[in-house]
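The values are calculated or read from the model by the stated rules, or taken from the named source; none is laboratory data. Keep in mind that this is a model prediction, so the values were computed, not measured. Note that we place each Cβ from the backbone using ideal geometry, even for glycine, and neighbour counts take in every protein chain shown.
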Amino acid sequence: MRWNRWAMLPVLAVVLGGLSRMPVAEAQGGMAAAAAPKSVQAVEAADAGRLGDKFAALAGAMAGKYDWRPMEGVRSVSDVFNLMLRENGMLTHVLEGGAMQPGAKMEPISDPARMQDALKASYAALQKTIQGTSDSQMQETIKLFGREMTRENALMMMLSDQHEHLGQSIAYARMNHVVPPWSRKH
């Protein structure tokens, strides 16, 4: 049987995506990782916390630039932040056992202070839900975007997507000569 490298791309993406979010000590095989393995919930909740901190910081740093977009037909700065709020709400709902509700509308937020508060609150709620989801619940099959997958896979997929949007937001910031707050020299 001939090996098809293209068929392995989805597997490679999942493996690399998981490694990119793995804590440094765990990735390096450090003593802390060997002594106390972390649950999927702990790792993913911590990742959601880091995402929340960075999105909230960018929401403040990009004040006055919320309508900016790199070109017509592409999400604006505030569109990306509002998307994160919708994704967090949807993901929290799905992890809690609810069915995905496509098209759920929310009033977009355009005020930087309100956006920062909303992002912090949505990521805090997501973290709490992740931490409260049992191992058995993580392995239950759900339907997300028309595909069947476990809650764990849905969580990993959505957080990986949010990392892409974080990169998009960082690029937007840099294009506007805004240095992400966590990368400023002290």
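Considering Ala125, Ala173, Ala121, which residue is modelled with pLDDT of 95 or more, farther than 15 Å from Gly49 by Cα, out of contact with any His (no Cβ under 9 Å at 6 or more places or on another chain) and hydrophobic (A, V, I, L, M, F, W, C)?
Ala173
Can you work out which of the residues in the stretch 135-160 that are over 15 Å from the mean Cα position of the chain (by Cα) and in a helix (DSSP H, G or I) is surrounded by the fewest Cβ atoms within 10 Å (Cβ to Cβ)? Per the stated criteria, the residue is Ser136. What do you reckon, is His163 in the same structural domain as Gly97 (by TED's automatic domain parsing), modelled with pLDDT of 95 or more and either over 26 Å from Ala42 (Cβ atoms) or loosely packed, with under 14 Cβ neighbours inside 10 Å (or both)? Against the criterion (in the same structural domain as Gly97 (by TED's automatic domain parsing), modelled with pLDDT of 95 or more and either over 26 Å from Ala42 (Cβ atoms) or loosely packed, with under 14 Cβ neighbours inside 10 Å (or both)), His163 does not qualify.
Gln131 passes all but one of (1) over 20 Å from Asn82 (Cβ atoms); (2) in contact (Cβ under 8 Å) with a residue 40 or more places away in the chain; (3) in contact with a Ser or Thr (Cβ under 7 Å, 6 or more places away or on another chain); which number fails? For Gln131, the exception is condition (3).
Within the stretch 38-52, which residues are touching a residue at least 60 places away in the same chain (Cβ under 8 Å) and either among the charged types (D, E, K, R) or over 15 Å from Met156 (Cα atoms) (or both)? Result: Glu44, Asp47, Gly52. For the stretch 76-84, indicate whether the set of residues that are more than 25 Å from Lys143 (Cα to Cα) and β-branched (Val, Ile, Thr) is non-empty. Yes: the stretch 76-84 contains one or more residues that are more than 25 Å from Lys143 (Cα to Cα) and β-branched (Val, Ile, Thr). Here Phe55 meets each of (1) surrounded by 19 or more Cβ atoms within 10 Å (Cβ to Cβ); (2) free of Cβ contacts under 8 Å to residues at least 60 places away in the same chain with one exception, condition (2). Screening the stretch 1-101 for helices (runs of 4 or more DSSP H) wholly inside it with 1 or more residues that are modelled with pLDDT of 90 or more, out of contact with any Asp or Glu (no Cβ under 8 Å at 6 or more places or on another chain) and assigned by TED's automatic domain parsing to the domain that holds Asp135 returns the ranges 40-61, 77-95.
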